[in-house]
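Undergrad: Structure in structure tokens, see below.
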Amino acid sequence: ATLNAIATAEGTIMEAIKSSEKNLHHSSCLVLGYGRCGRVLASKLKGLDAFVTVAARSEDALAYAYATGFSVIKLSEIKTVLPRYQYIFNTIPALVLDSECLKSVSEDVVIIDIASAPGGVDYEYALNHGINAKLCLGLPGKVAPRASADILVTEIEALIKERSG
């Protein structure tokens with residue numbers, strides 16, 4: 001899962017680039033969640049010289065994100081800062097960007113949601129209000145099928161070896 005987070009992050013960035021007329025370079029990005037995918041995604045965005053803020057529930061996650069050089073905000077406080085972001089990336093598999101939050105986003109925001117279905121965005125509200133929001137599932141297999149397959153094969157072989165040993 002950790003190695004597949006690389007392909008997920010790269011695919012997420014690809015989807016963001018395809019969905020906007022702006023560069024990620026020097027853009028304001030908000031990453032919701034700082035688990036495996038959130039950590040790798042935030043790092044890759046930082047490598048593209050984006051200004052990255054991480055929002056999470058866990059104090060430990062926020063402390064680690066801050067120590068890694070990211071701006072941080074508690075997830076419960078994001079509504080107050082949503083208008084300043086050009087890109088919002090959701091990795092949390094729960095409704096995070098509900099209609100109340102979406103009322104606050106910039107009119108030209110790009111929201112890329114990589115959380116498990118049904119995702120973390122009120123898509124009906126987004127669609128009805130012209131908000132550019134995409135649920136992008138299965139990115140590792142779509143953007144890097146060979147690398148993702150190789151990772152799975154290696155992990156399955158290790159698991160079989162461990163159980164038979």
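Undergrad: Can you pull the accessible area of LEU159 for me, 1.4 Å probe, Å² to the nearest 10?
TA: 80
Undergrad: While we're here: On the protein heavy atoms, probe 1.4 angstrom, tell me the percent of accessible surface of the chain carried by carbon and sulfur.
TA: Summing carbon and sulfur atoms, their accessible area is 53 percent of the total for the chain.
Undergrad: Same structure again: Within the chain, which is the longest segment containing none of the GluC sites (Glu not before Pro) that sit in a DSSP loop and have at most 12 other Cβ atoms within 10 Å?
TA: 22-106
Undergrad: Could you work out the relative contact order of the chain? I mean the mean sequence separation of Cα pairs under 8 Å and 6+ apart, divided by the number of residues, in percent.
TA: Over the chain, the number comes to 22 percent.
Undergrad: Working out 0.36 nm times the residue gap between LYS18 and ASN132, then minus their Cα-Cα distance, what length gain in nm do you get to one decimal?
TA: Here the answer is 39.9 nm.
Undergrad: What accessible area per residue, rounded to a whole number of Å², is obtained for the stretch 1-145 using a probe radius of 1.4 Å?
TA: Result: 49 Å² of accessible area for each residue.
Undergrad: Same structure, new question: Expressed as an acute angle from 0 to 90° and rounded to the nearest 10, what is the orientation of the C-alpha long axis of helix 4-18 relative to the principal long axis of the chain?
TA: 30
Undergrad: Taking the Cα of LYS74, stepping 7 Å toward and past its beta carbon, and measuring to each backbone N in the stretch 41-57: which are under 14 Å?
TA: In the stretch 41-57, the label zone of LYS74 (backbone N under 14 Å from the point 7 Å along Cα→Cβ) covers 55-57.
The values are calculated or read from the model by the stated rules, or taken from the named source; none is laboratory data. Since this is a predicted model, take the numbers as computed values, not measurements. Cβ: placed from backbone, ideal geometry, glycine included. Neighbour counts: every protein chain shown. Heads up: the accessible areas ignore ligands, DNA and RNA and are worked out on the full protein's heavy atoms, side chains in. Shrake-Rupley method; radii C 1.70, N 1.55, O 1.52, S 1.80 Å.
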